[in-house]
1. Would you point out which residue out of A509, A531, A527 is assigned to a helix (DSSP H, G or I), at pLDDT 95 or above, open to solvent by 40 Å² or more (accessible area, probe 1.4 Å) and under 24 Å from A332 (Cα atoms)?
2. Would the range 39-50 turn up any residue that is over 27 Å from the mean Cα position of the chain (by Cα) and touching a residue at least 40 places away in the same chain (Cβ under 8 Å)?
3. Hey, can you tell me all the residues within the range 446-496 that are farther than 23 Å from Q542 by Cα and in a loop (DSSP other than H, G, I, E, B)?
4. What do you reckon, is G387 closer than 18 Å to D143 by Cβ and part of a loop (DSSP other than H, G, I, E, B)?
5. Tally up the residues in the range 319-351 that are open to solvent by less than 40 Å² (accessible area, probe 1.4 Å) and either small (G, A, S) or not in a loop (DSSP other than H, G, I, E, B) (or both), please.
6. In this structure, does G321 turn out to be at pLDDT 95 or above, within 24 Å of G541 (Cα to Cα) and out of contact with any strand residue (DSSP E or B) (no Cβ under 9 Å at 6 or more places or on another chain)?
7. Could you tell me which of the residues A535, A543, A511 is under 18 Å from Y437 (Cβ atoms), out of contact with any His (no Cβ under 9 Å at 6 or more places or on another chain) and of a type outside the set (D, E, K, R)?
8. Does R22 meet the test of being touching a residue at least 24 places away in the same chain (Cβ under 8 Å) and either among the hydroxyl-bearing types (S, T, Y) or not in a helix (DSSP H, G or I) (or both)?
Amino acid sequence: MEGGSVTTGRGGGARGAPKGRRVEPRALAEVQALIGDEPRRRDLLIEYLHRIQDRHGHLSAAHLAALAREMKLSQTEVYEVATFYHHFDVVREGEAPPPPLTVRVCDSLSCALAGAGALLESLPARLGEGVRVLRAPCVGRCDTAPVAVVGQNPVGNATADKVADAVSRRALTCPVARYRDLDAYRAAGGYRLIAECLAGGRTRAEITRIVEDAAVRGLGGAGFPAGQKWKIVAAEPAPRLMAVNIDEGEPGTFKDRWYLERDPHRFLEGMLVAAWCAGVGEIYLYLRDEYAGCRAILETELAKLRADPPCALPPIHLRRGAGAYICGEESAMIESIEGKRGLPRLRPPYVAQVGLFGRPTLEHNMETLYWVREIVEKGVAWFVSQGVNGRKGLRSFSVSGRVKRPGVHLAPAGITVNELIAKYCGGMLDGHVFHAYLPGGASGGILPASMGDIPLDFDTLQPHGCFIGSAAIIVLSDKDRASDAAKNVMAFFRDESCGQCTPCRVGTAKALTLMEAPRWDRPLLEALSVAMADASICGLGQAAPNPVRCVAKYFPDEIK
């Protein structure tokens, strides 16, 4: 063609702009104002999506296109991330934005036992127009079930009246609990240990050996030996990173929130000690979005720590989740920190070798780090002497359900659920008789009360088709059915599956359909369970059949 060429589209018309939605100048200016002078790195995508959502109440197509332009990403990349996470309200072209206020009612097992269903039925009419009421997965406050979250304000022991009052007062922010701040922590000897380590008073090998001798294991669910993990990462080439998992989304689990709301610096010091032992140079904290109060605490205390550090600090980044249970899986969390969808990675390689940004990564649950200082200061003998029934150490049990005193109970490892209920939880609720329990949250299986004398610890429950996981104990009574509990958790797994692998995506949905029948097709459910356990990519699909198999084995009368 002679002269100046013109790009033509189908039909021969001139096209002087790229395909896709054009960027609106106003939306671009609003996005630029929200981001300011901060870097346009891909790993900050989710943080910037939160800023838009917080400011405008939703994510419009115009703002997503503008954010893509500003970050030099394709609109598809931004859109697929925004639509992956539950807490982002993506408004497509031509759709109306959501109401200005959203109330989320948890309908996971502990809240369901406490009446979440009735609350969900009554709230829409009670709150009226302008308020959207949604079902929500576990919000990590099972000790005050049922829970409704008004904006970001969790209303515990919720009733329609309490929720309506919070809405009318526009009480939308999470109140911050009273906690031990930096000054109080230092006054009690805080940060002396890490300062001593960096000054040469302790060696990495010495601290690692203490953690190994105390048999400290990961308290997020997998139970991998902590000291061994430090040594594996330390042996990898620098630079090494650390990713701290505070995305406890397992129904029944709330221990990490419990400790963060009371003593955040004990965790932060343990984190620094672990990072030093493993030769880590940069730390990322991944905190679930439901914990807005914890986020405020960490933002405040990290700022204080940086302003008046007790020793040289590595860069510490606080990252905000966006409502995805799957991001509790270590590799899915790493993908999310990198600004992507939280899809679990295939392994090997493992994150200790190829983790965050392709670097060797020390991944830890928050509570594991919380205990580092105390174990080092009090010694191995103190910690291992705490157990009972042949076990060693202490465990933080998140207890909910039909007990008088739900909450986090610090008890000896190896305690039985009968002892836990009687000695720590004040017994069963009046009028309730112990019927069954989930020893490890939604994925840990279900056991009958007749098996209530099994020691609760790592490796003690596997022979019975269960595991302790993060030590979330949900107690059922004679007014409940184990089969109904299994259906509730399977619905949770169906909704929270990332959809990446067919056995989990299709298997959880098919299993729930079969479980809703008057009589369970046990052979078909078992065949499905085998496929899910053997072929799913990550622990969600692998563990989802546990409650099904337990009901079939221990509660056959409920599924005839």
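1. On the way: A509 fails: open to solvent by 40 Å² or more (accessible area, probe 1.4 Å); A527 fails: under 24 Å from A332 (Cα atoms).
Testing whether each residue is assigned to a helix (DSSP H, G or I), at pLDDT 95 or above, open to solvent by 40 Å² or more (accessible area, probe 1.4 Å) and under 24 Å from A332 (Cα atoms) leaves just A531.
2. no
3. Keep residues of the range 446-496 that are farther than 23 Å from Q542 by Cα, which gives 449-455, 475-481.
Matches in the range 446-496: G452, D453, I454, P455, D478, K479, D480, R481.
4. On the way: closer than 18 Å to D143 by Cβ: no; part of a loop (DSSP other than H, G, I, E, B): yes.
Judged against the criteria, G387 is not a match.
5. First, the residues of the range 319-351 that are open to solvent by less than 40 Å² (accessible area, probe 1.4 Å): 319-324, 326-329, 331-339, 342-344, 351.
Next cut, either small (G, A, S) or not in a loop (DSSP other than H, G, I, E, B) (or both) only: 319-324, 326-328, 331-337, 339, 342.
Result for the range 319-351: 18.
6. Numbers: at pLDDT 95 or above: yes; within 24 Å of G541 (Cα to Cα): yes; out of contact with any strand residue (DSSP E or B) (no Cβ under 9 Å at 6 or more places or on another chain): no.
Here the answer is no, as G321 does not meet what is asked.
7. On the way: A535 fails: under 18 Å from Y437 (Cβ atoms); A511 fails: under 18 Å from Y437 (Cβ atoms).
Sole residue among the options that is under 18 Å from Y437 (Cβ atoms), out of contact with any His (no Cβ under 9 Å at 6 or more places or on another chain) and of a type outside the set (D, E, K, R): A543.
8. Values: touching a residue at least 24 places away in the same chain (Cβ under 8 Å): yes; either among the hydroxyl-bearing types (S, T, Y) or not in a helix (DSSP H, G or I) (or both): yes.
So R22 fits the description; yes.
The values are calculated or read from the model by the stated rules, or taken from the named source; none is laboratory data. Bear in mind that the values here come from a model prediction, so they are computed numbers and not experimental data. Positions of Cβ are backbone-derived with ideal geometry, glycine not excepted, and every protein chain shown enters the neighbour counts. SASA here: full protein model, heavy atoms, side chains in, ligands and nucleic acids out. Shrake-Rupley method; radii C 1.70, N 1.55, O 1.52, S 1.80 Å.
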